[in-house]
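A short write-up of the structure that comes next.
The values are calculated or read from the model by the stated rules, or taken from the named source; none is laboratory data. Only a predicted model underlies this, so the values are computations on that prediction, with no experimental measurement involved. Using ideal geometry, Cβ is built from the backbone for each residue, glycine included, and neighbour counts are taken over all protein chains shown. The protein model used for the area step is the full one, side chains on, heavy atoms only, and it has no ligands, DNA or RNA in it. Shrake-Rupley method; radii C 1.70, N 1.55, O 1.52, S 1.80 Å.
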Amino acid sequence: QDGRSSFIGHQLGGVMEVPNSKDQRVKSARAIQITYYLQTYGSVTQDLIGEKWESEFCKLMHKMQLDHQDLQLYSLASFSLWKDFHQTSLLARGKILVSLMLILLTATLSSSMKDCLRSKPFLGLLGVLTICISSVTAAGIFFITDGKYNSTLLGIPFFAMGHGTKGVFELLSGWRRTRENLPFKDRVADAYSDVMVSYTMTSSLYFIAFGMGASPFTNIEAVKVFCQNMCVSILLNYFYIFSFFGSCLVFAGQLEQNRYHSIFCCKIPSAEYLDRKPVWFQTMMNDGHKHTSHHETNPYQHHFIQHFLREHYNEWITNIYVKPFVVILYLIYASFSFMGCLQINDGANIINLLASESPSVSYALIQQKYFSNYSPVIGFYIYEPLEYWNGTVQEDLKTLSQGFNTVSWIEQYYQYLRVGNISATNKSDFISILQSSFLKKPEFQHFKNDIIFSKAGDENNIIASRLYLVARTSENTQREAVELLEKLRPLSLIQSIKFIVFNPTFVFMDHYGLSVTMPVLISGFGILLVLILTFFLVIHPLGNFWLILSVTSIELGVLGLMTLWNVDMDCISILCLIYTLNFAIDHCAPLLYTFVLATEHTRTQCIKNSLQEHGTAILQNVSSFLIGLVPLLFVPSNLTFTLFKCLLLAGSCTLLHCFVILPVFLTFFPPSKKHHKKKKRAKRKEREEIECIEIQENPDHVTAV
């Protein structure tokens, strides 16, 4: 009505044009997008008033939607993204408690046995509580140091639990491998010497990998904050397991040595006393075997997971008829992983970080549906005095905005001068006509907010100004918007015109340029670190080689499969990829190094012993980890759903490699075990010769025997 001429192509969606019209006239549009700018002057009071206004505006839009069912109204204010991003934390509170209960239950049951003397349900329970206490301590340190909470930190309890419970279950397995006739202090010492070296190494790797993410070299603030918290959690995990859980293990060992019940903490009665009691009492108080069979080599073999692995699984997985199917399974796994890696999408969608049913998600979906043909409106801010009347400056501005549709006072003003045949080639004429004529007209009055004037004496100056740019894009708006940023920002550094470009969505787009390279760099550094650490620990070089192959296979598998599962490379998925590297090393390293250092006659026997030694701890930890993820499915948030997908893939791929792929591949690939067989034969022959000499020299020795 006021005669204003402006580009509104980006504000119309679902456009139908008038048929056969020469100038592309609009017949109808299914959607219209209207933008309101609130004017504030930087004061705290103005910001509070603006926030209050936006809140009331969103409430009004919701009320209008209820009153006018024939219209679909969606609103997005400046605080909406922040609010809906943090809403995930509120929605996930109850589900995280359920997750903790499930992990406690799984750990308790998996640590139990029928043998009431050797069963350790309370140690499984205390192990999980140890990780919880360390996580709460880490959170306390974070908030004391003025840490800023965000919803990505929801992943920390799951990350810490996955690593911490591995140490707990390995210590329990180490305890089961010790000899029962030793004093409980010696048994605890043997368990520590058996387990804590590898756990120290993997904890160091976690600390260094997340330390890289927490370093100043990481320019993604959310990743940096997360990694800082994760480093503190890993450090506290290690010391709590080393000290608190170690004390619990000593106490449980003392109870076992003194023949106390593992649950009721009462003295286990003698066999004669039990024989006179009912069956239910014998079942509750039985120590698992008769006193006459106490010379059994290892009563802990009756643990249900160890029994299953020893009696059933080990024989099945090393069967010659099973191996071809495992090879085919791995080829399928590798092909799908490779296919997914070729389709990685490094353009993140804002929706993936927000609560599912939030207003911001509804708004974003409609915007993508109807307004994806144009980029977001980019604010182009010139923050220094400029000679706008100079022809060279005008050409530079035209070059910078080339390819964009512009909403600009500069273009309109130049057009106004040309139409009126007005000359404004010097500063005084240019500013005088701009203030006294151009900005007074109704159709141009809205440009007043786009120019900041300053007055020095009688002279006026333009100290800053802004214009808006809109680019025509294809369906892949997100990727093209990132490319626009990558083109515009370098120009702001090299051009004579000093400017910045901004849109609220750039906050989410900014860091995704590094979303693929960053986890790859950290993963590569982590693998190199494993090589260095294992080299100094003088571990078998083939073990290092197998570990690198396994970790690479798991990492690429998770990366490829999560891409096929429509997971974008956002902040959460980047962190999960960093975690997958460490999680894979945590579980594969003990299994592989036990295999390569084993001295049995055959590879098959070596892998059976390795699975028997570490399989129980791996299965206990991964099953607890995966069961703990289930409640995340019921949180109505895309962020937690992404977390669930990535961690489920990490746990599943690690389990697949530890229990299926490695046990088969290690039976027909190096290292060979023939040299161990020769050494044993040589030792046995030498021992036989010595025994013969002893018999010849001292015949009485034979009768003594």
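Can you tell me the length gained on complete extension of the stretch ASP429 to ILE32, counting 0.36 nm per residue apart and subtracting the Cα distance? Fully extending the segment from ASP429 to ILE32 adds 139.0 nm.
When nucleic acids and ligands are ignored and a 1.4 Å probe is applied, THR45 ends up with an accessible area of around 90 Å².
Per-residue Karplus couplings for region 635-640, computed as 6.51 cos²θ - 1.76 cosθ + 1.60 with θ equal to phi - 60°, are listed in order as 8, x, 8, 5, 5, 5 Hz, Gly and Pro entered as x. Distance from the C-alpha centroid of region 105-146 to that of region 153-177: 9 Å, rounded to the whole angstrom.
Entry for region 12-81 at q = 0.14, 0.19, 0.20, 0.24 Å⁻¹: log10 I(q)/I(0) = -0.63, -0.85, -0.89, -1.07, Debye formula applied to identical alpha-carbon scatterers, no solvent contribution. Label positions at SER5 and LYS369, each projected 7 Å from the Cα along the C-beta direction, are separated by 3.6 nm. Label zone (PHE244, point 7 Å along Cα-to-C-beta; backbone nitrogen cut-off 18 Å) within region 171-212: 171-172. Across region 377-502, the mean sequence separation of Cα contacts (distance under 8 Å, 6 or more residues apart), normalised by length, yields a relative contact order of 45 percent.
Taking N as the number of residues in region 181-267, what is its Cα Rg relative to 2.2 N^0.38 Å?
Working: Rg = 18.6 Å, N = 87, 2.2 N^0.38 = 12.0 Å.
The reported ratio for this selection is 1.55.
Note on surface exposure: ASP23, ASP2, ASP450 rank ASP23, ASP2, ASP450 by accessible area, highest first, 1.4 Å probe.
Determine, from the Cβ-Cβ distance of LEU491 and LYS59 and an R0 of 45 Å, the FRET efficiency 1/(1 + (r/R0)^6), rounded to the nearest 0.05. Provide the component values of the computation, followed by the final result.
Working: r = 41 Å, r/R0 = 0.92.
Efficiency, rounded to the nearest 0.05: 0.60.
Ranked by solvent-accessible area (1.4 Å probe, protein heavy atoms only, all chains present), the residues LEU331, LEU488 order from largest to smallest as LEU331, LEU488.
Annotation: PHE251 carries an accessible surface of approximately 120 Å², with a 1.4 Å probe and no ligand, DNA or RNA atoms counted. Expressed as a rounded percentage, what relative contact order does region 12-81 have, with Cα pairs under 8 Å and six or more residues apart? Here the relative contact order equals 20 percent.
Pairs LYS398/LYS487; LYS59/LYS440; LYS120/LYS267; LYS114/LYS323; LYS224/LYS645: which are spaced more than 26 Å apart, C-alpha to C-alpha? Cα-Cα > 26 Å for LYS59/LYS440; LYS114/LYS323; rest within. Take CYS132: with every protein chain present and a 1.4 Å probe, its accessible area is about 30 Å². Cα centroid separation, region 18-74 to region 567-594: 45 Å.
So what is the diffusion coefficient of region 377-502 in µm² per second by Stokes-Einstein at 20 °C and 1.002 mPa s, using a Kirkwood Rh over Cα pairs? This corresponds to a translational diffusion coefficient of 137 µm²/s.
Computed extension length for TYR383-GLU221: 55.7 nm, one decimal, from 0.36 nm per residue of separation with the Cα-Cα distance subtracted.
How do TRP53, TRP565, TRP82, TRP546 stack up against each other in accessible area, from largest to smallest, with a 1.4 angstrom probe? Before the final figure, lay out the partial values.
Working: TRP53 120, TRP565 90, TRP82 165, TRP546 25 Å².
I get TRP82, TRP53, TRP565, TRP546, largest accessible area first.
Between ASP70 and PHE304, the C-beta separation translates, for a Förster distance of 60 Å, into a calculated FRET efficiency of about 0.40. A simple spin-label model places the labels of MET16 and ARG276 9.6 nm from each other, with each point 7 Å out along Cα-to-Cβ.
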